[in-house]
Amino acid sequence: GLPYAYLMALIVLECSGTRPCKKRKEPKRFENLRAVRDGDKSRFENISTQDVHDASDDALWNLATSWGPFQIMGYKCIGLKVQVADIRGDRGLHHGARWVREDYGHLLAKDRYKDAFHWHNAGSTFPANGKSRTHDPNYVTNGLSHMAWFENNPPDGDSRD
């Protein structure tokens, strides 16, 4: 139930379509998760102390790493009720698309692609002031461009890559 062109554009943005997808450790996310685990913060996004109270530093690094073709953060597995191994394994595409649908699919249902790309990378809709908060300031523009390409070049149905 998600737009093919959007998902394909997202894969190009997040992992350049390479297989296997590389992981990306994010030290700031690790520090936030460690602060939650250690009781210095009560929450980080949807993560509470209860979720990570017994996590080792290695486990926190798995949660603070982005995985799979959509580069989903490991801690998103907690909300999905799956293990990190599930989002980085063969079912990573499935779980990533499920996260997209559950987290910001409401934007895609309304064809709000600019907001959806921004949400995926920065966790919020595109700012009213027009200044993107994404890591790459061209992330949303590039996503919309890739999406247009996929809309104009649909799969032929014979490819099984």
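The values are calculated or read from the model by the stated rules, or taken from the named source; none is laboratory data. Quick caveat, the model's predicted, so the values are computed rather than measured. Here Cβ is always computed from backbone atoms with ideal geometry, including for glycine, and neighbour counts include all displayed protein chains. These accessible areas exclude ligands, DNA and RNA; they are computed on the full protein's heavy atoms, side chains included. Shrake-Rupley method; radii C 1.70, N 1.55, O 1.52, S 1.80 Å.
Worth pointing out:
- Among Asn62, Asn121, Asn46, residue whose mean-square fluctuation peaks in a GNM of the chain (springs only between Cα atoms under 10 Å): Asn46
- Positive-end extreme of charge dipole, the range 1-94 - chosen from Leu93, Ile47, Ala5 (charges on Cβ): Ala5
- The H on the amide N of Met73, modeled in the peptide plane, is under 5 Å from the matching H of Trp67, each at least 5 residues off or on a different chain.
- Rounded accessible area per residue of the chain, 1.4 Å, Å²: 59
- A straight chain from Asn152 to Ser48 at 0.36 nm per residue would run longer than the Cα-Cα distance by 33.1 nm.
- Each residue of the range 59-67 is assigned a 3J(HN,Hα), and the resulting list reads 5, 5, 5, 4, 6, 9, 10, 9, 10 Hz, derived from the Karplus form 6.51 cos²θ - 1.76 cosθ + 1.60 (θ = phi - 60°), x at Gly and Pro.
- Residue pairs exceeding 23 angstrom between C-alpha atoms, taken from Lys28/Lys76; Lys23/Lys114; Lys23/Lys76; Lys23/Lys81; Lys25/Lys81: Lys23/Lys114.
- Degrees, to the nearest 10: 4-15 long Cα axis against longest axis of the chain: 50
- Spatially, the range 1-46 and the range 65-121 are offset by 8 Å when compared through their Cα centroids.
- Helix 113-122 and the long axis of the chain differ in direction by around 30°, with both axes built from C-alpha atoms.
- Helix-only mean residue ellipticity at 222 nm for the chain, each DSSP H run of n ≥ 4 adding -39500 (n - 2.57), per residue, nearest 500: -15500 deg cm²/dmol
- Cα-based Rg and Dmax for the chain, where Dmax is the largest Cα-Cα distance (Å): 16.3, 54
- For the chain, the Cβ-based charge dipole about the Cα centre amounts to some 240 debye (Lys, Arg positive; Asp, Glu negative; other atoms uncharged).
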